[in-house]
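As structure tokens, the structure follows; a few thoughts come after it.
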């Protein structure tokens, strides 16, 4: 299980302006895949999306990502856990995802700021990039 935290930043963010962009970013996450040699990781589900409006210029979002992982090099043995190198690759590639919209007079940016592999995202603290609400 992976959790992805991303921020939406801009001026005077409103639901009518941000919701279509969040939907586009959701689709971007759903289309996320990595193919490197014998390794392939494809997002199959983007679920449990939590949105926290911090102020009129900043929205924190987290989502639960399910991956289908295929490691052809380990064909003879079942894959019980994800190799650290591959999980690092997924984290690095997720951080490259972003969406910028300048359709209106003010620009809106959506960028991945953190990702986490585990049963639940890291605990929240005062300066956490993750939304306060838990799954």
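Taking 0.36 nm per residue of separation and subtracting the Cα-Cα distance, full extension of the segment from residue 125 to residue 36 would add 28.5 nm. Take the Cβ atoms of residue 73 and residue 96, set R0 to 22 Å, and the FRET efficiency comes out at 0.35. As a calculated quantity, the FRET efficiency between residue 88 and residue 56 at R0 = 41 Å, using C-beta atoms, amounts to about 0.70. Helix 84-95: angle to the longest alpha-carbon principal axis of the chain, degrees 0 to 90, nearest 10? The answer is roughly 20 degrees. Of all the options 93, 35, 53, the one that moves most in a Gaussian network model of the chain with Cα springs shorter than 10 angstrom is 35. With a Förster radius of 41 Å applied to the C-beta separation of residue 107 and residue 45, the computed FRET efficiency comes to 0.85. Rounded to the nearest 500, what is the 222 nm mean residue ellipticity of the chain from helices alone, with -39500 (n - 2.57) per DSSP H run of 4+ residues and division by all residues? Rounded to the nearest 500, the figure is -6500 deg cm²/dmol. Every Cα-Cα pair of the chain was included, and the share exceeding 24 Å stands at 33 percent.
Rule-based calculations on the coordinates, nothing more; no lab input. Owing to the predicted nature of the structure, the values given are computational and were not obtained by experimental measurement. Every residue, glycine among them, receives a Cβ derived from its backbone with ideal geometry; neighbour counts consider all protein chains shown.
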